[in-house]
Amino acid sequence: MIKAVLISLVLLAAPPQIEDIAFTASSVKRSELPDDFPFQVLYEGFAILNLKMENRSSEAWTFRPEEVEVFEEGGKTLDRAVPTDMAPKLMKYYRGSQRGIYGEGYSGGRPTTQEWEQVPTVEPGKSSGTVSVGVGSSLRAVLEHYQVQEVNLAPGETAEGFFYLESNKSGGKLAGSSLRFQNQMSIEIP
């Protein structure tokens with residue numbers, strides 16, 4: 001009987017309290033984006049939050065992005081955006097490109113002025129051009145790479161990633177908005 005009670009107590013041990021999780025969010029500006037990130041997302045009705053979390057408890061804890069809600073200063077809920085919704089809106093910046101996101105000869109990092117001038121774009125009044133399927137896949141892959149994922153954090157572990165929103169406000173324009181996690185923790189976005 002005593003063994004059964006002890007096993008029950010172990011099985012009923014409470015998960016880490018939300019207070020034991022260090023959680024920060026900041027609105028990302030264009031200048032803070034990684035070199036290989038398609039910055040045009042900020043001009044296509046999307047905003048980016050950088051989420052950082054650290055498990056300061058003695059138990060494992062799971063972060064799930066679907067449990068995050070973001071509210072503008074007036075209380076309006078901002079919808080989450082996902083890479084499969086974002087990549088098609090970015091394709092117009094890469095029409096005519098058959099050689100990847102930044103074109104042939106691009107070696108990585110932020111493109112030089114000369115490399116950037118070689119990136120195919122659409123000019124007003126011109127035909128729409130063609131789009132390589134590989135470019136769309138590349139864009140989605142980059143967005144997914146930086147996106148915050150569901151993660152199980154052991155005690156002391158940290159995780160970080162981008163949380164995409166459908167919003168024309170980005171950078172400092174999201175200041176004063178708030179983020180709520182698991183209907184428990186609410187933090188203000190600086």
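Just so you know, all these numbers are worked out from the coordinates, no wet-lab data involved. The structure displayed is predicted, hence computed values, not measured ones. Glycine gets a Cβ as well: all are built from the backbone with ideal geometry, and neighbour counts include every protein chain shown.
Some values worked out for this structure:
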read-out: Burial ranking of peptide ranges 59-67, 39-47, 80-88 (average Cβ count within 10 Å, highest at the top); value: 39-47, 80-88, 59-67
read-out: Cβ-based exposure ranking for LYS169, LYS92, LYS76, in which fewest neighbours within 10 Å come first; value: LYS76, LYS92, LYS169
